[in-house]
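The structure appears below as structure tokens.
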Amino acid sequence: MRERLLIPREDILRRIEELGDKISRDYMDKEPVLVCILKGAAYFTVDLTRHLKIPFILDFMSMSKYSGSDSGVVRITKDLDIDIYERDTILIEDIVDTGLTLGYLLRNLRTRGPISIKVCTLLDCPVRRIVDIPVDYKGFEIPDVYVVGYGLDYRERYRNLLDIMVLEE
Ligand code: 5GP
């Protein structure tokens with residue numbers, strides 16, 4: 001396996017600052033629930049919150065795909081601690097790829113009666129999309145490659161890389 005630089009750390013941090021400013025403006029006078037989808041989005045979520053100038057509630061969710069299934073059925077392995085009923089909610093993802101995971105999650109969370117649900121993702125890979133997902137805030141669009149670093153793993157490795165790298169055979 002070789003790693004090739006795709007997005008350097010300076011660009012990541014600059015873009016996250018811009019996203020934080022935009023979300024702060026959009027949610028002025030509100031207190032959204034930020035739902036970090038574990039584990040990949042943890043690094044992004046923490047850095048994003050450092051640039052928010054609004055109050056917010058941070059919560060975490062964890063899901064796993066049923067092995068061998070590409071139907072988009074996922075299992076929630078850790079649910080939210082907070083009730084999002086009548087709350088503005090922002091889902092924070094590391095990467096939206098096929099959209100199957102977020103599609104499932106959005107359907108699930110909409111049944112809980114939030115005021116709004118928006119999606120914020122660091123990376124968006126539109127060419128691999130199967131399910132149409134409304135992406136409200138995105139850091140970068142990437143081509144059809146497998147990326148690691150800045151929270152994203154390959155078999156639990158590479159999460160701690162500061163840059164986003166393409167993993168190649
Ligand atoms: P989706 O359901 O949109 O296909 O996939 C979403 C999840 O798959 C992401 O949250 C991420 O955990 C994983 N994933 C998709 N593409 C990549 C990738 O290029 N690199 C890594 N490390 N994980 C990915």
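Values computed for the structure shown
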{"read-out": "For segment 84-98, 3J(HN,Hα) per residue [Karplus equation, 6.51 cos²θ - 1.76 cosθ + 1.60, θ = phi - 60°, Hz, x = Gly/Pro]", "value": "8, 4, 6, 10, 6, 10, 10, 8, 10, 10, 7, 8, 9, 10, 5"}
{"read-out": "For segment 1-145, accessible area per residue (1.4 Å probe, heavy atoms of protein chains only), Å²", "value": "52 Å²"}
{"read-out": "Cleavage-rule hits (chymotrypsin sites (Phe, Trp or Tyr not before Pro)) in segment 9-109: DSSP loop, at most 14 neighbouring Cβ within 10 angstrom", "value": "Tyr66, Tyr85"}
{"read-out": "Solvent-accessible area, 1.4 Å probe, carbon plus sulfur percent, for the chain", "value": "50 percent"}
{"read-out": "Among Glu141, Glu31, Glu86: highest mean-square fluctuation, GNM of the chain, C-alpha pairs under 10 Å", "value": "Glu86"}
{"read-out": "Shape category assigned to segment 7-82 from the gyration tensor of Cα positions, a/c cut at 1.5", "value": "oblate"}
{"read-out": "Phi to ³J(HN,Hα) by Karplus 6.51 cos²θ - 1.76 cosθ + 1.60 over segment 139-154, Hz, x for Gly, Pro", "value": "x, 9, 8, 10, x, 7, 9, 9, 10, 9, x, 6, x, 7, 10, 10"}
{"read-out": "Computed [θ] at 222 nm, deg cm²/dmol, the chain (DSSP H ≥ 4; -39,500 (n - 2.57); rounded to nearest 500)", "value": "-7000 deg cm²/dmol"}
{"read-out": "For Lys118, distant residues with modelled amide H under 5 Å away", "value": "Thr89, Ile90, Leu91"}
{"read-out": "Residue-wise HN-Hα coupling along segment 110-126, computed from phi with Karplus coefficients 6.51, -1.76, 1.60 (Hz; x: Gly, Pro)", "value": "5, 6, 8, x, x, 5, 8, 9, 10, 10, 10, 10, 5, 10, 10, 10, x"}
{"read-out": "Qualifying lysines (Cα of each under 17 Å from Cα of Lys138; at least 8 residues distant if same chain)", "value": "Lys22, Lys118"}
{"read-out": "Residue-count net charge about Lys118 - beta-carbon cut-off 9 Å; Lys, Arg +1, Asp, Glu -1", "value": "-3"}
{"read-out": "Among Ile117, Ile133, Ile76, residue whose mean-square fluctuation peaks in a GNM of the chain (springs only between Cα atoms under 10 Å)", "value": "Ile76"}
{"read-out": "Dipole of the chain, positive end: most advanced residue of Val73, Gly113, Val127 [Cβ charges, Cα centre]", "value": "Val73"}
{"read-out": "Residue-span extension gain [Arg9 to Lys53] - 0.36 nm each, minus C-alpha spacing", "value": "13.6 nm"}
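The values are calculated or read from the model by the stated rules, or taken from the named source; none is laboratory data. None of the values given here were measured: they were computed from a predicted structure. Cβ coordinates were reconstructed from backbone atoms using ideal geometry, including for glycine residues, and neighbour counts include every protein chain displayed. The accessibility values were calculated without ligands, DNA or RNA, using every heavy atom of the protein model including side chains. Shrake-Rupley method; radii C 1.70, N 1.55, O 1.52, S 1.80 Å.
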